[in-house]
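The structure that follows is given in the form of structure tokens.
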Amino acid sequence: MKDQRISIIESALNLVSETKSHKLFLFLNTAQECRWFLKSGLAAKDNVVLVIPKTLDIPEPELKDAGVEIIRSWAGNQSRFSRIKYAFLHGVLQDIIHTDSKVVCVLGPWGKSHLDTVTIHDLALSWSEDFPFEPQPLVTHKAFNIIMAVVDIALDIGALGREGKPVGTTFVIGDAESVLKLSHQAVFNPFKGYPKSERIITRPEVVESIKELAKLDGAFVISDAGVVEAAGRHLDARSIVTKQLRGLGSRHRAAAGITRMTKAVSVVVSESTGRVTIFEKGHIISTLEPVISRRLV
């Protein structure tokens, strides 16, 4: 009897052809699944992109030798649509797909080995308000790679909180000079006085400091170059209320407001749900939903 996973992937590949889609994104969770796929004969098919956790312990040459494109995803548990949106953003960042691409996705539950879901997405078309996704503003932003690094930190905070407690916080990325003019220190700035080279958002020690400082009131301000300019910053920009923002709290409205008055992008972690919301020009352009079952609340 044919492996059910092979039947699902073959059907999805047919769907790629029939719908003139650009890629098939195959979400796998373990090194064992990856090696099964590489031996299945399906790796030789065109247009297959493997989406695997960043922490997956499998040698890159082993994957590259098979000729399969790879997207390394945030290693935690997200809802299925969140995993798809995250992969799309990194697919654009890696120039695997574009903002007008059509993509077929095959995935199963996070952390499980079976596949049970096939979806098709045209990135050029509107997504629902429940699952907003408008990648173009992020992709064209000069700090796109920095924004994605911040998104990873935000997902960690949303999923795990800090010391077992839920944490909500705000990151404002880009146009730092304007953001600083439209904000003030709510608490002492712990990044003040350090050289720029020691405040880069991708440095592991900076990431850990941010996760610890996320418990403080106020926002993090990060430059286009990825330098953390300040923490504990109160945003003075007028908060806005729109139909899209209805039901969201002051943190989200202030984050939306600062992006309407500057060229910055805001990333907000909800304390109550762990959801990560990305704002640009006062609008929600994407939400990502980490599953917080590992968080002690």
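The values are calculated or read from the model by the stated rules, or taken from the named source; none is laboratory data. These numbers were taken from a predicted model, which means no experiment stands behind them. All Cβ positions, glycine included, derive from the backbone under ideal geometry; neighbour counts span all protein chains shown. The protein model used for the area step is the full one, side chains on, heavy atoms only, and it has no ligands, DNA or RNA in it. Shrake-Rupley method; radii C 1.70, N 1.55, O 1.52, S 1.80 Å.
Could you give the length gained on full extension between K165 and K215, defined as 0.36 nm per residue of separation minus the Cα-Cα distance, in nm?
17.0 nm
Given Cα pairs under 8 Å that are at least 6 residues apart, what percent is the relative contact order of segment 18-177?
21
Run the reach check for K39 against lysines, Cα to Cα strictly under 19 Å, same-chain hits fewer than 8 apart removed. What comes back?
Within reach: K2, K64.
Also: List the residues whose amide H sits under 5 Å from the amide H of A230, counting only those 5 or more places along or on another chain, with H placed 1.01 Å from N in the peptide plane.
Amide H to amide H, under 5 Å and 5 or more residues apart or across chains, A230 pairs with V221.
Taking the alpha-carbon centroid of each part, what is the distance from segment 192-207 to segment 34-113 in angstrom?
30
Right, here's the next one. Placing unit charges on C-beta atoms (Lys and Arg positive, Asp and Glu negative, everything else neutral), compute the dipole magnitude of the chain about its Cα centre in debye, rounded to 20.
Here the chain has a charge dipole of around 620 debye.
How large a share of the accessible area of the chain, in percent, is made up of carbon and sulfur atoms when the probe is 1.4 Å and the other protein chains stay in place?
51
List the lysines whose Cα sits under 29 Å from the Cα of K196, skipping any in the same chain fewer than 8 residues away.
Candidates past the 8-residue exclusion: K54, K142, K181, K211, K215, K263, K281.
Still on this structure: Could you report the chain's accessible area per residue, 1.4 Å probe, as an integer in Å²?
47
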